[in-house]
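Notes for the one structure printed next.
The values are calculated or read from the model by the stated rules, or taken from the named source; none is laboratory data. Bear in mind the structure is a predicted one, so any value in this text is a computation, not a measurement. Cβ coordinates were reconstructed from backbone atoms using ideal geometry, including for glycine residues, and neighbour counts include every protein chain displayed. What goes into the accessible areas is simple: the full protein's heavy atoms, side chains included, and nothing from ligands, DNA or RNA. Shrake-Rupley method; radii C 1.70, N 1.55, O 1.52, S 1.80 Å.
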Amino acid sequence: MKWIKRLGQKQKGKERVSIFWKIFAIFVAFIAVVLSLLWVFQIGLLNTFYRSIKISDIENALKDISDHIDSDDLGSVLRSVANDKQICVTICAPDGSILYAIDVLPNCVIHEMSSYRLARAYELTKQNGGTLVERTMFNERKNQFFLGEEDDPNQIESLVYAKAAPLQNGGEVLVLLNTSISPVVSTVQTLKVQLLWITVIMVVLAVIMALLLAKNLSSPIVHINQSAKVLAQGKYDVEFKAGGYREIAELADTLNYAARELSKVEALQRELIANISHDLRTPLTMITGYAEVMRDIPNENTPENVQIIIDEAKRLTTLVNDVLDISKLQSGTLPFNGEILNLTAQIREILTRYTKLTEYTIVFHGQEDVYVYGDALKLSQVVYNLINNALTYIGEDKTVTIKQILTAREDGRQRVRIEVTDTGEGIEQSKLNDIWDRYYKVDKNHKRAAVGTGLGLNIVKTILDMHPGASYGVKSQVGHGSTFWFELNADHVAHMPCIEDNSGEA
Ligand code: ADP
């Protein structure tokens with residue numbers, strides 16, 4: 001079934017367009033849109049735009065003049081309309097007598113009009129509700145006006161706008177404006193040739209640029225993809241080269257980091273398998289050997305030999321438990337069961353289990369009962385692992401000291417710190433960070449370290465990371481011993497007035 005799925009994924013991948021062609025297509029499409037817009041606006045809609053601008057000019061001019069008909073600066077308004085917008089102006093009385101006239105167009109319609117026609121225009125405007133719009137065509141070649149829509153490049157459209165403007169003295173005047181809309185056919189022709197050249201040049205440039213850009217953008221991704229495929233084959237020494245872009249450089253850095261971590265984990269895992277098989281074999285050989293001796297040789301069925309078998313079986317159990325614990329913790333199958341618990345009581349309870357180890361001394365200093373929020377089972381595993389390590393690497397004095405210290409936080413609440421100290425061989429400063437890694441053992445040849453799996457401290461770290469506000473660490477000096485510690489937020493503290501000295505030996 002798996003291979004069908006993978007095949008499906010591969011086929012899906014094949015259907016997808018490569019990043020190179022995608023970037024190329026987007027760039028070319030963008031240029032095509034820009035050119036199309038240029039063609040539509042410059043060629044297709046040029047006449048429409050030009051005409052609507054002219055119409056809005058004359059409409060605005062008519063309004064301006066009507067608004068200023070009584071004002072002193074009417075003259076300057078008329079001049080600006082005429083000169084800036086190329087509009088002819090005539091203002092006449094209802095009887096057709098001209099009051100103002102500015103002529104700026106060669107074939108102005110309104111300046112040809114007699115007083116009689118002007119008076120007539122006033123009447124028509126009044127009949128039409130106060131405004132009138134007339135449209136005529138002037139044929140430059142034939143030098144004559146006519147009405148209609150003849151499609152001739154030589155014809156100029158002439159627009160006449162008329163408005164009856166009331167005066168303050170109760171009278172009225174007629175404002176007549178005339179503008180001409182020249183044909184844009186020849187302009188369009190020129191633009192067409194220009195745009196054709198622009199289009200050809202742009203298309204060639206766009207294709208070249210799109211190819212360059214697409215190659216430039218996609219090549220680092222293609223390289224990273226190739227390296228990722230090598231990584232997927234398990235070759236962790238592959239190097240992800242960073243391209244010229246920040247995001248790709250960051251991706252390459254992340255993948256390089258991931259590759260390094262993977263290779264570390266793989267090396268550690270290989271080592272673990274070697275260690276575990278060695279660690280499993282040793283107790284198994286001992287168990288089988290002693291059991292056979294006890295079976296075959298009379299008088300060898302002694303309690304000492306049985307104890308050796310029991311001890312070796314225990315070693316096996318610890319090993320298997322560690323491996324199981326870490327895989328459960330990492331896979332999240334062991335959920336965090338938080339509750340308020342008496343940490344001090346829990347440590348004391350754990351210490352009672354070590355009373356049989358008469359050759360060691362475990363001292364506990366704890367003045368008060370400290371309650372914390374945590375997972376009881378998991379916290380006791382943390383304490384166990386730290387004590388077991390301290391016993392494994394115990395010093396000449398054969399003593400492990402556990403201290404419970406209360407510290408005040410900035411917000412007034414308290415924190416509890418548990419320190420587990422031994423006076424053994426200590427750990428080199430350079431190794432202090434690594435010991436928390438999974439499968440890490442400082443000295444694999446050390447006869448006592450050979451017992452461990454290199455998982456104990458990783459279990460401690462994983463559990464404490466689950467606890468809100470927890471911190472942990474180690475202080476160590478080679479030849480003088482180590483102090484492993486962890487801190488949690490104290491929920492509350494119960495003082496024990498009747499117990500004078502709380503320190504004692506386990
Ligand atoms: P192990 O099961 O091997 O003890 P741990 O994860 O508990 O694995 O410890 C990792 C390594 O850290 C150990 O192999 C040991 O070298 C070092 N270490 C841990 N605790 C101590 C200690 N109290 N004193 C010296 N070295 C220690």
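Residue pairs whose Cβ atoms lie under 9 Å apart, separated by 6 or more positions or on different chains, with the first residue in region 465-481 and β-branched (Val, Ile, Thr) and the second away from the ligand (no atom under 11 Å from the Cβ) and not in a loop (DSSP other than H, G, I, E, B), are 474/485; 478/429.
From the list 215, 192, which residue is of a type in the set (D, E, K, R) and closer than 30 Å to residue 52 by Cα?
On the way: 215 fails: closer than 30 Å to residue 52 by Cα.
None of the others qualify; the one that does is 192.
Table: residues versus (1) under 26 Å from residue 52 (Cβ atoms); (2) in contact with a Cys (Cβ under 9 Å, 6 or more places away or on another chain).
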site	(1), (2)
179	yes, yes
186	yes, no
206	no, no
209	no, no
220	no, no
223	no, no
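Which is assigned by TED's automatic domain parsing to the domain that holds residue 474, within 16 Å of the ligand (Cβ to nearest atom) and over 20 Å from residue 461 (Cβ atoms), of 344, 401?
Details: 344 fails: within 16 Å of the ligand (Cβ to nearest atom).
After applying the criteria, what remains is 401.
Give the residues of region 430-450 that are more than 7 Å from the ligand (Cβ to nearest atom), open to solvent by 60 Å² or more (accessible area, probe 1.4 Å) and at pLDDT below 80, sorted by residue number. Residues satisfying the conditions are 438, 444, 445, 447, 448.
In region 235-260, how many are in a helix (DSSP H, G or I) and touching a Ser or Thr at 6+ places or on another chain (Cβ under 8 Å)?
Taking region 235-260 as the starting set, the residues that turn out to be in a helix (DSSP H, G or I) are 246-260.
In the following step, the residues that additionally are touching a Ser or Thr at 6+ places or on another chain (Cβ under 8 Å) were identified as 255.
Final tally of qualifying residues: 1.
Within region 405-429, which residues are surrounded by fewer than 21 Cβ atoms within 10 Å (Cβ to Cβ) and more than 14 Å from the ligand (Cβ to nearest atom)? Listed by number, the residues that qualify are 405, 406, 407, 408, 409, 410, 411, 412, 413, 414, 415, 417. Return a yes/no flag: does region 360-382 have any residue that is closer than 30 Å to residue 289 by Cα and modelled with pLDDT under 80. Looking for residues that are closer than 30 Å to residue 289 by Cα and modelled with pLDDT under 80, one finds none in region 360-382, hence no.
Every condition in (1) touching a helix residue (DSSP H, G or I) at 6+ places or on another chain (Cβ under 8 Å); (2) in a helix (DSSP H, G or I) holds for residue 204 except the one numbered (1). Out of 341, 357, 316, I need the residue that is modelled with pLDDT of 90 or more and open to solvent by less than 70 Å² (accessible area, probe 1.4 Å). Which one? It is 341.
For region 16-64, which residues satisfy the criterion of being of a type in the set (Ser, Thr, Tyr) and either assigned to a helix (DSSP H, G or I) or surrounded by 14 or more Cβ atoms within 10 Å (Cβ to Cβ) (or both)?
The first filter runs over region 16-64 and keeps only residues of a type in the set (Ser, Thr, Tyr), leaving 18, 36, 48, 50, 52, 56.
Matches in region 16-64: 36, 48, 50, 52, 56.
Residue 72 meets each of the listed conditions (1) acidic (Asp, Glu); (2) open to solvent by less than 70 Å² (accessible area, probe 1.4 Å); (3) modelled with pLDDT of 85 or more apart from (2). Which of the residues belonging to region 118-132 are closer than 12 Å to residue 95 by Cβ and open to solvent by 90 Å² or more (accessible area, probe 1.4 Å)? Once the filter is applied, which keeps residues that are closer than 12 Å to residue 95 by Cβ and open to solvent by 90 Å² or more (accessible area, probe 1.4 Å), region 118-132 yields 120, 123.
Of 176, 191, all but one fail to be at pLDDT 85 or above, in a helix (DSSP H, G or I) and open to solvent by less than 60 Å² (accessible area, probe 1.4 Å); the exception is 191.
Could we say that residue 85 is more than 60 Å from the chain's Cα centre (by Cα), open to solvent by 30 Å² or more (accessible area, probe 1.4 Å) and in the same structural domain as residue 162 (by TED's automatic domain parsing) here?
Details: more than 60 Å from the chain's Cα centre (by Cα): no; open to solvent by 30 Å² or more (accessible area, probe 1.4 Å): yes; in the same structural domain as residue 162 (by TED's automatic domain parsing): yes.
When the stated conditions are applied, residue 85 does not pass them.
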